[in-house]
Every structure is written in C-alpha cells, then in structure tokens.
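Working notes, beginning with the structure itself.
Readers should treat all values here as calculations from the given coordinates under stated rules, not as data from a laboratory. What you are looking at is a predicted structure, and each value in this text was computed from that prediction instead of being measured. For neighbour counting, all protein chains shown are included, and Cβ atoms are generated from backbone atoms with ideal geometry for every residue, glycine included.
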Amino acid sequence: MASIKLILRTHQVDQTGHSPLYIRVIKDRKTKFITAGVKLKESEWDEVKQKVKKNHSNSARMNAALSQKIADAEGQVADMERKVKTVSVKKLKEAIKGKEVPNFFEYAKKKLEKIKSTLSYSTFKAYTNQVDKFATFMGTKDVYFDEITVALLNDYKFYLADKLKNGDTTQRLAIIVLGTIFRDAIKEEVIPENMFPFSKITLKISTSKRLFLNKAQIENLTTEKLVEGRKAMMWRDLFLFSIYAGGLRFSDVIEMKYANYNEAEHKINKLIRKTGRVHQFKIGQVAIDILEKYKKENAEHDEYIFPIIVDKEGYEKNEGKRYFQSAKFNKLANWHLKKLGEKIKLPFDLTFHLSRHSFATNALNNGMRIEHVSKLMDHRDIGTTQIYAKIISEELDKAVDSFIY
C-alpha cells in the first residue's frame, strides 16, 4: 500500500524564505516527489496537521486546494493498485501527474552519453558536473521536465549564489547547461516548445576585469630569489615560458615534446589541446633559455621536455586520466604561484592562466599589432583578442586621469 504525504522541502528555500511544497509518494520503500505548486515559509506550514497555518492570508483556500490534490492523488493510487497487482512507485507518480512527461535526469544522462564522443573530456565533465549539481539542489533525480519552472530556476540561481557562493560566470554556466539539454529535448520532440522556461531567466554577465602582470611585475617575479631545484622554481619557469611563448595554455606547456620544438628556427609546432588546431609560431629568448635549461641529452623525439607528466602512457591513452592529472598539476602549479605572488606583493592571486593574459596585454602594450597577437594566441576570432586591447585602453585612461591635469 502506497503512502501519500505533503512535504515542505526547506533545503530548497528561496531568497524570500519560501520553500516548495511537494506531494511525497512512498511505495515499497521507494520515494517519489510531485510538486504541489505551492511555496510557503517554514513558519506557515504545520507538518503534523498537514495544513497551511492560519498566519498565512490565504490559508483556508490553500488548504482546500491541497486537500483536493491529496484526495485526487489517493484516488489515482487506489485505482492503480486495484488494476495492477504489483505497481511501481514510478507508475504511481505518472498516474497522479496524469500525463507522460520525460524524466529530466534520465534524458540528460542518455543525451550526454550519446554525444560524449563528440566532446572533449573536459567539456563532457563540465556538463555532467552541472547536471549533478542540479540534482544535489533538487535532492532527487526523480524530476520531470515540466517540474523545472521559472520559479524553480530562480530558486536554483539563489542557491548557487547564496549557498555555493558561485559567481556570475559559474551561475551562467549552470543555467546554460540545463537550457541546452532542454533545447535538445525540444529539437528531438521529446517535449513541446512551451515547456522551455529559460527565456524568462535573467543571467548576469560578469564584469570582472582580466588580471595580468605588467612589465615591472614580470621582472619582480623573474628576479625573486628561489632555491634551485625546488618545485616553486620549476612552476615559475613554466609560467614565464608561457608568457614568452605566445601565452601557451597550461596543458600545452606541460605536454611540450621535443618533437614540438624546432631548435634551429626556435619555433614551436604543436596541436593545441583546446582548439584541436595545429599551431606554429616563433618563441622569444627567455622561452628559449627555459627550454635549454630543461632539455636532456639524447632525449627521445616523443619525450616531454618538462618533468611534469610521469605516467606518459596512461596520460596519453586514457582521456579521463589525462583530465584529472592535468587538473591536479594545474592546482599544484597555482598553489606555488600564489605563494610567489604573495612574495612579490601582487595585489591579486597569481594563477597559471594569468601568463596568457600577461602575454597579450604586454605584447599589445609594446606595440605588437593586434592581428599578430591574435595569431600567436591561436584565437579563432580577433574579437577575443580585442578584450585585451580594451584593457590597454583602460590602463591608458587611468594614466591620463592620474598624471594629466
């Protein structure tokens, strides 16, 4: 015999202090939730009496409506249990809802597995992580497309900002991933277009400024005394190498092989991990000197130049292992760089990715044409590079405001 009860899910409280009310169905120790379409403050709900308290202005009307919902649900369950001897809790939920709407998480899982081979591992992980984060917020994976409403998504945004302390960019990613899954479901005619709630969701665009090291700060980092052979020195070398090698990304730096470096012409020729394009460019003297420092005698053409990746075979053959090892190395690099940044009194946390920003802003500041900077950074669209040109313009405006009266 199935049991039915109203549950106020206080872990989904919104910014006004209201939580959603759900109809909980338990059958054979398995639980399903169905939205009751009501949100209440915890102080307005009587869990024992299963009623809205009188301190709510519409308590009488709401209690009547909820009583009807429970009566309807119990009637549907009774009919189903009479017709089918062994009925699952999932079937009971479908009977109560009265319509066939797909489960969001079941569809998302199948969809992501289907397109996995077309995505980079990092993109696939980003999608699955966002879906898992949404599942944690919901407290269950028994969620149907029509239960994901504008109100629910706004509650989720509040949860991301208030509970998880996610910034604007992370919040945007979380909502966009969910919206993408909805769009795919609509394209495949799994759900109708009118079930798409995201057009009414407002997402903030982060106005955070791209950080970079100026010429003096790069000099301070370069000349900071460190103990030879220590990890901090190696990570500083790789950071500086990136600055003087066109702002190469972290994964491309640690994956640099002898085969990628033309010593005679001082050129790098490498398949870029993020873009999947072969990139060829000349490097500066500082980058050349760093490569010379780490080069080994009689090294194999296929060996890595920098002593970061130990399990070469596992790293190259297992995409999952490569993803997690790269993330681990990046975290380690950033830990050492943060300490170095503190030593030279940088006004921000130093991370490896700032080497890329530092190359772009300093190259533009030194007069390199924006098309050349864009080419060296392997940007597909020069508009991406223009972000750095804007930074230079803002720095110039500050200089004028400070020194010209």
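Numbers for the structure displayed
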quantity	calculated
With Cα atoms, 0 to 90° folded angle of helix 231-243 axis to the chain main axis	80 degrees
Part-to-part distance (alpha-carbon centres) for segment 151-197 and segment 251-303, which is given in Å	41 Å
Inter-site label distance for Thr128 and Phe348 at 7 Å from Cα along Cβ, in nm	3.3 nm
Mean separation of Cα contacts under 8 Å, 6 or more apart, over the residue count of the chain: relative contact order %	11 percent
Descending Cα extents along the principal axes, segment 1-81, whole Å	39, 26, 20
Crossing angle, helix 150-162 versus the chain [Cα axis fit, 0-90 degrees, rounded to tens]	50 degrees
Reach of Lys110 by Cα under 22 Å, taken over lysines that are not fewer than 8 positions away in the same chain	Lys32, Lys90, Lys91, Lys93, Lys99, Lys125, Lys133, Lys141, Lys187
Length-normalised contact order of segment 215-403 in % [C-alpha pairs under 8 Å, at least 6 apart]	24 percent
Net charge of Cβ neighbours under 13 Å - reference Glu342; Lys, Arg +1; Asp, Glu -1	+2
Unsatisfied cross-links (Cα-Cα over 27 Å) in the set Lys231/Lys312; Lys41/Lys83; Lys225/Lys321; Lys109/Lys331	Lys41/Lys83; Lys225/Lys321; Lys109/Lys331
Rounded tilt (10° steps) of 121-138 against the dominant C-alpha axis of the chain	30 degrees
Nearby lysines by direct alpha-carbon distance to Lys267 (threshold 19 angstrom, same-chain neighbours under 8 apart not counted)	Lys257, Lys282, Lys293, Lys295, Lys296, Lys375
Shape box of segment 104-200 [Cα atoms, principal axes, largest first, Å]	34, 32, 24
